[in-house]
Amino acid sequence: AQSVAQPEDQVNVAEGNPLTVKCTYSVSGNPYLFWYVQYPNRGLQFLLKYITGDNLVKGSYGFEAEFNKSQTSFHLKKPSALVSDSALYFCAVSRGDSWGKFQFGAGTQVVVTP
Amino acid sequence: GAGVSQSPRYKVAKRGQDVALRCDPISGHVSLFWYQQALGQGPEFLTYFQNEAQLDKSGLPSDRFFAERPEGSVSTLKIQRTQQEDSAVYLCASSLGQWADTQYFGPGTRLTVL
């Protein structure tokens, strides 16, 4: 079975400060890892993914994530947060023998204050 | 280009009514997924299509839930004899068809069962 944990329900950060949203996973075989963002009453928007290769992945809107195999983590980061980054963030994992279906974490609400 | 569209965006049903939710995937996308997102939760996998073939329906919560994609494009998720616990946002996603492909999500249909 595969699972994803997002240990923080909410992350609060001041605008301009670094933002980190944590994600750990459990999956047999090689994981495919994704980050999505959800704004109110909107669907999920793709930010970035790790499939293979360089452990540091760069994505949309200045976000990046680091794959750490030994710690089974895929934390999302942004060097300087914006108020407009306030949203709900989901980590997801899939594996090669699961038709690509995602297992999502419970989500982390990010609040960026001016 | 056009993204994934879903209709209706909002649906209110009385307990016991049947509902049908529609998904129009991105043109040319082979894979189509349905997810259910309860309030305050991450999306949960329901079912998966590759073209018109339903290859995985392991996430459908009961036999009241039925999905189809007869021509390999538009998909319909049908819920018979709706119950209050069916209240959720139903998300549709499509992808090109490889396991590691990004899934692109529609805005969702919010179903409220009274």
(message) Using each residue's phi in segment A:51-57, evaluate 6.51 cos²θ - 1.76 cosθ + 1.60 at θ = phi - 60° and report the 3J(HN,Hα) Karplus result to the nearest Hz, with x for Gly and Pro.
(response) 10, 6, x, 4, 5, 9, 10
(request) Give the shape of chain B as rounded, prolate or oblate, defined through the alpha-carbon gyration tensor: a ≥ b ≥ c are the square roots of its eigenvalues, a/c under 1.5 means rounded, and otherwise the shape is prolate if a/b is larger than b/c and oblate if not. (result) prolate
(request) Evaluate E = 1/(1 + (r/R0)^6) for B:Gln98 and B:Leu39, where r is the Cβ-Cβ distance and R0 equals 25 Å; express this FRET efficiency to the nearest 0.05. (result) 0.20
(request) Report, ordered by chain and residue number, the lysines lying within cross-link reach of B:Lys11, taken as a straight Cα distance under 19 Å and ignoring same-chain residues fewer than 8 apart. (result) B:Lys78
(request) Mind giving me the nanometre distance, one decimal, between the label points for A:Glu66 and A:Gln10, set 7 Å out from Cα along Cα→Cβ? (result) 2.8 nm
(request) Please give the residues from segment A:60-105 for which the solvent-accessible area of heavy atoms, probe 1.4 Å, is smaller by at least 50 Å² with all protein chains in place than with the chain isolated. (result) A:Trp99, A:Lys101, A:Phe102, A:Phe104
(request) Find the relative contact order for segment A:3-113 and round it to a whole percent, using C-alpha pairs within less than 8 Å whose residues are 6+ positions apart. (result) 38 percent
(message) Apply the Karplus curve 6.51 cos²θ - 1.76 cosθ + 1.60, θ = phi - 60°, to the phi angles in segment B:21-32 and return the couplings in whole Hz, x for Gly and Pro.
(response) 10, 10, 9, 10, x, 5, 4, x, 6, 7, 9, 9
(message) Within chain A, which is the longest segment that contains none of the trypsin sites (Lys or Arg not before Pro) sitting in a DSSP loop with at most 15 other Cβ atoms within 10 Å?
(response) A:70-114
(message) Below 8 Å, C-alpha to C-alpha, sequence gap of six or more: please give me the relative contact order for chain B in percent.
(response) 37 percent
(request) Would you mind classifying the protein assembly as shown by shape? Square roots of the alpha carbon gyration tensor eigenvalues, ordered a ≥ b ≥ c; an a/c under 1.5 is rounded, otherwise it is prolate if a/b is larger than b/c and oblate if not. (result) prolate
(request) Report the charge-dipole magnitude of chain B in Debye, nearest 20, computed about the Cα centre from +1 at each Lys and Arg Cβ and -1 at each Asp and Glu Cβ. (result) 480 debye
(message) Give the residue list of GluC sites (Glu not before Pro) in segment B:33-114 that are DSSP loop and have at most 16 other beta-carbon atoms within 10 angstrom.
(response) B:Glu52, B:Glu71
(message) Using a 1.4 Å probe and counting only protein heavy atoms, how much accessible surface gets buried when B and A come together, both sides summed, in Å² to the nearest 100?
(response) 1900 Å²
(message) Keeping every protein chain present and rolling a 1.4 Å probe, give me the accessible area per residue for segment B:23-97 in Å².
(response) 44 Å²
(message) With unit charges on the beta carbons (Lys and Arg positive, Asp and Glu negative) and the dipole taken about the Cα centre of the protein assembly as shown, which residue among B:His29, A:Trp99, B:Gln83 sits farthest to the positive side?
(response) B:Gln83
(message) Below 14 Å, Cα to Cα, which aspartates and glutamates can B:Lys57 reach? Residues fewer than 8 away in the same chain don't count.
(response) B:Glu44, B:Glu68
(request) Compare each residue of segment A:1-39 in its chain alone against the assembly with all protein chains, and report those whose accessible area goes down by 10 Å² or more; 1.4 Å probe, heavy atoms. (result) A:Tyr32, A:Phe34, A:Tyr36, A:Gln38
(request) Give a quick list of trypsin sites (Lys or Arg not before Pro) in segment B:17-69 that DSSP marks as loop, anything other than H, G, I, E or B, with at most 15 other Cβ atoms within 10 Å. (result) B:Lys57, B:Arg64
(request) Considering the options A:Ser70, A:Thr20, A:Ile51, tell which one lies farthest towards the positive end of the dipole of the protein assembly as shown, charges being +1 on Lys and Arg and -1 on Asp and Glu at the Cβ, about the Cα centre. (result) A:Thr20
(message) I need the phi-derived Karplus couplings for segment B:64-81: 6.51 cos²θ - 1.76 cosθ + 1.60, θ = phi - 60°, integer Hz, Gly and Pro marked x.
(response) 7, 9, 9, 10, 8, 8, x, 10, x, 10, 4, 10, 10, 9, 10, 10, 9, 6
(request) Report, in debye and to the nearest 20, how large the dipole of segment B:17-64 comes out about its Cα centre when Lys and Arg carry +1 and Asp and Glu carry -1 on their Cβ. (result) 60 debye
(message) So if I place +1 on the C-beta of Lys and Arg and -1 on the C-beta of Asp and Glu, and nothing else carries charge, what would the dipole magnitude of the protein assembly as shown be about its Cα centre? I want it in debye, nearest 20.
(response) 380 debye
(message) Counting only protein heavy atoms and a 1.4 Å probe, tell me what percentage of chain A's accessible area is made up of carbon and sulfur.
(response) 49 percent
(request) List nothing, just return the count: lysine pairs in chain A, 8 or more apart or interchain, with Cα separation under 21 Å. (result) 16
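The values are calculated or read from the model by the stated rules, or taken from the named source; none is laboratory data. As the structure is a prediction and not an experimental result, all values here were calculated from the model. Positions of Cβ are backbone-derived with ideal geometry, glycine not excepted, and every protein chain shown enters the neighbour counts. Quick note on the areas: whole protein, heavy atoms, side chains included, nothing else; ligands and nucleic acids left out. Shrake-Rupley method; radii C 1.70, N 1.55, O 1.52, S 1.80 Å.
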